[in-house]
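*Asks:* One structure coming up, written as structure tokens, with questions to follow.
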Amino acid sequence: MERRARLFPAWVTGAMACGLASTPFMQEVQAADEPIPTKAASAPMPIPWWFQGYLEAGGRFYLNDPQKDGIASNGGKSLSKYDEYRDTRPGPFANGYLSAGTTDGLYRIDLYGWNVGYNDQRIGLGASKAGEQYLNFEWDQTPHNYGIAHTIYNGAGTTVLTLPPGLSNQLFTDAGCVHVAGGQPTGCTGSPGPANAAKISTDIQNNLHETNIGIRRDTASVNYRWTPTDVWDVRLYYDHLHRFGTQVDGVVFSPGTSGVASQVPRPVNDVTQNFGINGEYAGASAWGRYTFKVGYTGSVYQDSSDFYTVANPFCATGSGPGECARNGSPSSPLALMSLWPSNQSNGFAETFSTELPAKSRFVSTISYAMMRQNDAFLPFTISPAVFTVGNTTLGAPPALPASSLNGAINTLMSNNVLTTQITPELKSKLSYRYYNFDNGTPEILFPNWVLTDVKLATAQNPVYAPMHSLSISYIKQDAGGELNWRPDREWNLGAAYNYERYNWTRADANVTNENFGKVYVDWTPVKWVTARASWLSAERRYENYDYLNYVGKFQWPNDPGTTTRYSAAFRQFYLDNRNRNKGQVSLAVDVISGLTITPTLGLQFDDYPMNPAVEEGLQRDHSRNVGIEASYLLSPYTKMLASYTDEWHSQVITSAGGNNPPFPPSGYYRVDVRDRVHTFIAAVDHTFIPNKFDVRVGYTLSKAADNQPLFFFDGTQPTGAGVTQYPEVKTQWQRVDLTGKYRFDKETVERLGWKGDVSVKLYYAWERNGVANWQNDIMQTYMWANIGNLANAGYMTWLASDNPNYNVHLAMASLNFKW
């Protein structure tokens, strides 16, 4: 073959672009060419990482000396309400986070911590590989402080609450009680007189000590997500919640109202573990995209103990169950108090969603859960003997009718939603939900039982036994539809209807049916006006309301009246006939440039139609809230906010006590509970030096009043203790916030050897809460003296832990580093 020389300018241009040639040249085509030498491949360059972080370190302290452990009845204050769900104790504090990742966005690590070292600290760690694996861990502590109590009991937080040595003997003697051998319940008669009351007071005051009433929740949680491909998504989670501390509990040592009663610190020490796994697959079909998700959830609750015991403060050491009586009522030397039983739950669920023809989408969820509780029953009493006939004969406690509850509840839920884009402007939604709460727990018959560790139920009152336990079940069904129409950018209108039906087992009503209707509209005629409004109307009706035949006669078969059963005229508010009307209106108007005013109105009227002559219960529940908010951007450096809200709530409740209809006018009363809350908020944000010095000032005032006027239907009012009506309960809460932040010049920071932003923040807060509540304020630390008609209050002891009043001036200063 003849060899010819050819010119390839286009090829040469490409070669130049690749760096293989720099000038045109003549290429001779030959049968075989020598390979072009290439440079050996170099090792891959390491991918650099980026780092950023934030650290705030400072201290906080009180500018005043707030009282921490005052008693409300004595006019004192307490910090318990102020720090109910937080920990703002004076001292150093630190907040911050640290993040790192590769510059290609593939790997990332985050570490953060807030209020580290305190009872409300939160610490977390996250690591991820983008698009494939995500791992997050968090440790969270949340306190719930109830108050600082004054108690005579030792062992707070444990399962054995004891008294100081010799105190029960001293109180027994100083109360004027006489130790009677042979189990005869005649130790004390009547309430202690003035001389004995003074002795009791001295005994108690000499043995008081403080204890914190509160619970801390420590939660460790871990979440893992794995997305191996674009169509698979797998998630796992585990939470470990440990609660420990104390709560207020009431202990009654003898039946009736004439015996010993005490408030005590109930121990709390339990663990709840929640865990689960679910996987989701996303695919495509001829109709469009679909997803399928299946998962498992589990929960295990375990209490560290089944019970705790409490010593009787007015029972001499070594006394038997009949030797610590008050006014002829036997009193137990020791009370056995049960704690929550351990239990568990296992649930399975699947969700399927798919696109359908006609621009529709269908979502269906089915779940099934199994809840079980089978802890062994505690004995009826910790006492070896109880009173069996009147108040004189002692006998052995009855045997338990079963060893455990064998509690079993299964739930089945099916939820289905179909949405369709009928036209570009009109969209519809149809839904149906079925929920079956199937309570398979056996209903146990108790032929007899023991009251307050000391007395047989039938000895106290023959109608107290036998008694059946109740296993309440229900099936709930919801069906509804909604239309949403958006004719243009100015209007958005909608209407919805829903039907709800409950089929009840072991409830006062057999069936309730409710119909809901709702309309709503959003209107934006111009850019500076936005209006929204909605109205809901619903009507619920029961088919048959018969407490006696559905519940009362089964639970208490021997009671012909209202000793154990409640009045057949009483109506449960969640089952009773109800007419509901609920409306909401809001308007946002930009009055002038930068000034936006937003008035709001909300109404909810729940009326329970009933015949007041033969029915009792909640008759009306009305609420209203009216508010207005104004925000003004005065300049790029100044923003102001002001708002006012008026909330009003009214409930009308009727009752006739234990009377059956028709009610006597002198014993049938009406209470109109009225609550009113006024809230004022004002705030200003101002930048004195752009990007350098900012200040924010805020003030909030909330004033609330609660009234409960009571009138009998014969026109009379309650009497006693020199009053004719219950006093008003008032609350006033105020808070002032002042925050200033100054950022240092970057040049100054760099000269000091730091690369990043450095700022200093100063914070001041004044917060005060004042509550005047007659229901709590009359309660002394220990109600050993007669108060009004409480002739037997001499044997009642209280913790005096409920005190919501405080006055705190708090200051904080911190240095902040950001890089």
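The values are calculated or read from the model by the stated rules, or taken from the named source; none is laboratory data. Owing to the predicted nature of the structure, the values given are computational and were not obtained by experimental measurement. Note that we place each Cβ from the backbone using ideal geometry, even for glycine, and neighbour counts take in every protein chain shown. Note: accessible area is taken over every heavy atom of the protein model, side chains too, but ligands, DNA and RNA are not part of it. Shrake-Rupley method; radii C 1.70, N 1.55, O 1.52, S 1.80 Å.
*Asks:* Which numbered condition trips up Ala21, out of (1) modelled with pLDDT of 65 or more; (2) surrounded by 12 or more Cβ atoms within 10 Å (Cβ to Cβ)?
*Replies:* Only one criterion in (1) modelled with pLDDT of 65 or more; (2) surrounded by 12 or more Cβ atoms within 10 Å (Cβ to Cβ) is unmet by Ala21, namely (1).
Residue-wise test of (1) in contact with a strand residue (DSSP E or B) (Cβ under 9 Å, 6 or more places away or on another chain); (2) in contact (Cβ under 8 Å) with a residue 40 or more places away in the chain; (3) farther than 30 Å from Tyr542 by Cα.
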| position | (1), (2), (3) |
| --- | --- |
| Asn577 | yes, no, no |
| Asp590 | yes, yes, yes |
| Leu595 | yes, no, yes |
| Leu603 | yes, no, no |
| Leu618 | yes, yes, no |
| Ser643 | yes, no, yes |
| Phe663 | yes, yes, no |
| Arg670 | yes, yes, no |
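*Asks:* Further question: Just checking, does the stretch 434-456 include any residue being small (Gly, Ala, Ser), part of a strand (DSSP E or B) and in contact (Cβ under 8 Å) with a residue 24 or more places away in the chain?
*Replies:* No, the stretch 434-456 has no match at all.
*Asks:* Okay, moving on. Within the stretch 520-531, can one find any residue that is open to solvent by 30 Å² or more (accessible area, probe 1.4 Å), under 30 Å from Tyr434 (Cβ atoms) and out of contact with any helix residue (DSSP H, G or I) (no Cβ under 7 Å at 6 or more places or on another chain)?
*Replies:* Yes.
*Asks:* How about the stretch 719-747: which of its residues are open to solvent by less than 50 Å² (accessible area, probe 1.4 Å) and either within 18 Å of Arg676 (Cα to Cα) or free of Cβ contacts under 8 Å to residues at least 12 places away in the same chain (or both)?
*Replies:* Val729, Thr731, Gln734 - these are the residues of the stretch 719-747 that are open to solvent by less than 50 Å² (accessible area, probe 1.4 Å) and either within 18 Å of Arg676 (Cα to Cα) or free of Cβ contacts under 8 Å to residues at least 12 places away in the same chain (or both).
*Asks:* Given the options Leu167, Leu135, name the one that is farther than 26 Å from Ser78 by Cα, aliphatic (A, V, I, L, M) and open to solvent by 50 Å² or more (accessible area, probe 1.4 Å).
*Replies:* Only one candidate qualifies: Leu135.
*Asks:* Further question on the same structure: For residues that are part of a helix (DSSP H, G or I) and loosely packed, with under 15 Cβ neighbours inside 10 Å, tally how many sit in the stretch 196-225.
*Replies:* Qualifying residue count, the stretch 196-225: 3.
*Asks:* Let me ask another. Look at Leu418 and say whether it is more than 30 Å from Glu323 (Cβ to Cβ), aliphatic (A, V, I, L, M) and open to solvent by 40 Å² or more (accessible area, probe 1.4 Å).
*Replies:* So Leu418 fits the description; yes.
*Asks:* Which of the following residues is under 30 Å from Asp203 (Cα atoms), of a type outside the set (S, T, N, Q) and touching a residue at least 24 places away in the same chain (Cβ under 8 Å): Asp675, Asp777, Asp757, Asp685?
*Replies:* When all the criteria are applied, what remains is Asp777.
*Asks:* Just to be sure before I move on: is Ser567 over 31 Å from the mean Cα position of the chain (by Cα) and among the small types (Gly, Ala, Ser) in the structure I sent?
*Replies:* yes
*Asks:* Among residues belonging to the stretch 275-316 that are in a loop (DSSP other than H, G, I, E, B) and modelled with pLDDT of 95 or more, point out the one that is least open to solvent (accessible area, probe 1.4 Å).
*Replies:* The residue in question is Ser305.
*Asks:* Sticking with this one: Quick one: in the stretch 619-633, of everything that is touching a Gly at 6+ places or on another chain (Cβ under 7 Å) and more than 16 Å from Val585 (Cβ to Cβ), which residue is most open to solvent (accessible area, probe 1.4 Å)?
*Replies:* Result: Leu633.
*Asks:* Any residue in the stretch 219-247 that is free of Cβ contacts under 8 Å to residues at least 60 places away in the same chain sitting within a Cβ distance under 7 Å of a residue that is among the hydroxyl-bearing types (Ser, Thr, Tyr) and surrounded by fewer than 15 Cβ atoms within 10 Å (Cβ to Cβ)? List the pairs, counting only those 6 or more apart or interchain.
*Replies:* Cβ pairs passing all conditions: Val231/Tyr281; Trp232/Tyr281.
*Asks:* Here is a further query. Please state which one of Leu456, Leu445 is surrounded by 17 or more Cβ atoms within 10 Å (Cβ to Cβ) and farther than 30 Å from Arg361 by Cβ.
*Replies:* Only one candidate passes the filter, namely Leu456.
*Asks:* Suppose the filter is open to solvent by 70 Å² or more (accessible area, probe 1.4 Å), touching a residue at least 40 places away in the same chain (Cβ under 8 Å) and within 39 Å of the chain's Cα centre (by Cα); does Ser342 pass it?
*Replies:* No, not satisfied.
*Asks:* State whether the residues of the stretch 383-396 include one that is closer than 27 Å to Lys293 by Cβ and not small (Gly, Ala, Ser).
*Replies:* no
*Asks:* Next up: Please work out which one of (1) outside any loop (DSSP other than H, G, I, E, B); (2) free of Cβ contacts under 8 Å to residues at least 24 places away in the same chain is the condition Ala399 fails and give its number.
*Replies:* Single failed check for Ala399: (1).
*Asks:* Looking at Val271, Val252, Val260 in this structure, which one is of a type in the set (A, V, I, L, M), open to solvent by less than 50 Å² (accessible area, probe 1.4 Å) and more than 26 Å from the chain's Cα centre (by Cα)?
*Replies:* Of Val271, Val252, Val260, the one residue that is of a type in the set (A, V, I, L, M), open to solvent by less than 50 Å² (accessible area, probe 1.4 Å) and more than 26 Å from the chain's Cα centre (by Cα) is Val260.
*Asks:* If you don't mind, another one. Note down all Cβ pairs under 8 Å where the first residue falls in the stretch 64-91 and is over 11 Å from Ile148 (Cα atoms) and in contact (Cβ under 8 Å) with a residue 24 or more places away in the chain, the second is β-branched (Val, Ile, Thr) and surrounded by fewer than 17 Cβ atoms within 10 Å (Cβ to Cβ), and they're at least six residues apart or on different chains.
*Replies:* Ser73/Ile778
*Asks:* Would it be correct to say that Thr411 is among the polar types (S, T, N, Q), modelled with pLDDT of 95 or more and open to solvent by less than 70 Å² (accessible area, probe 1.4 Å)?
*Replies:* Here the answer is yes, as Thr411 does meet what is asked.
*Asks:* Now for a different question. Can you name the residue in the stretch 751-798 that is modelled with pLDDT of 95 or more and open to solvent by 40 Å² or more (accessible area, probe 1.4 Å) and is also nearest to Glu728 (Cα to Cα) among such residues?
*Replies:* Taking the candidates together, the pick is Arg768.
*Asks:* Right, next: Suppose we filter the stretch 352-389 for residues that are in contact with a Lys or Arg (Cβ under 7 Å, 6 or more places away or on another chain) and either under 25 Å from Val268 (Cα atoms) or open to solvent by 40 Å² or more (accessible area, probe 1.4 Å) (or both); how many remain?
*Replies:* Selection size over the stretch 352-389: 1.
*Asks:* Another question, then. Within the stretch 533-576, take every residue that is small (Gly, Ala, Ser) and assigned to a loop (DSSP other than H, G, I, E, B) and give me the one that is modelled with the highest pLDDT.
*Replies:* The selected residue is Ala569.
*Asks:* While we're on this one: Search the stretch 536-564 for residues being free of Cβ contacts under 8 Å to residues at least 24 places away in the same chain and under 19 Å from Asn448 (Cα atoms), and hand back the single one that is least open to solvent (accessible area, probe 1.4 Å).
*Replies:* Within the stretch 536-564, the match that is least open to solvent (accessible area, probe 1.4 Å) is Gly552.
*Asks:* Taking into account only those residues within the stretch 668-713 that are part of a loop (DSSP other than H, G, I, E, B) and open to solvent by 60 Å² or more (accessible area, probe 1.4 Å), which is modelled with the highest pLDDT?
*Replies:* So, considering only residues that are part of a loop (DSSP other than H, G, I, E, B) and open to solvent by 60 Å² or more (accessible area, probe 1.4 Å), the one modelled with the highest pLDDT is Pro690.
*Asks:* So for the stretch 364-372 (the condition being within 25 Å of Thr173 (Cα to Cα), assigned to a strand (DSSP E or B) and at pLDDT 95 or above), does at least one residue qualify?
*Replies:* No, that holds for no residue.
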